[in-house]
Amino acid sequence: MTTAEQTEFLSGGLRPHECRSCGTCVLVKKNSIQHTSIQWTSRPADSCPVFADADGPSALLDTCPKLADSIGDAVREGTLAVADG
């Protein structure tokens with residue numbers, strides 16, 4: 001059973017973000033400059049060219065570097081806030 005506190009921890013603060021490279025939309029929360037939570041709204045291999053072109057199982061990829069760059073750009077531009085300031 002999931003508590004309201006667990007739900008808030010897992011999904012609170014997530015905001016839609018569209019990758020500037022391929023247009024894939026994910027939900028993102030920046031807990032700190034170093035920590036980024038990403039929740040895919042679609043199967044990554046179906047929506048992200050980097051995951052689709054993976055040589056092995058896409059589940060073995062840590063993340064898409066183009067998506068990470070897109071999120072970093074949004075933080076620098078101030079369109080995606082970092083929770084700890």
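Inspection of the range 11-22 finds a residue satisfying the criterion of being at pLDDT 90 or above, over 22 Å from residue 78 (Cβ atoms) and crowded, with 16+ Cβ neighbours inside 10 Å. Within the range 26-85, the residues that satisfy the criterion of being touching a Ser or Thr at 6+ places or on another chain (Cβ under 6 Å), farther than 18 Å from residue 16 by Cα and open to solvent by less than 50 Å² (accessible area, probe 1.4 Å) are 45, 51.
The values are calculated or read from the model by the stated rules, or taken from the named source; none is laboratory data. Computed from a predicted structure; not experimentally measured. Virtual Cβ from ideal backbone geometry, glycine too; neighbours counted across all protein chains shown. Areas reflect the complete protein model, heavy atoms only, side chains present, ligands, DNA and RNA absent. Shrake-Rupley method; radii C 1.70, N 1.55, O 1.52, S 1.80 Å.
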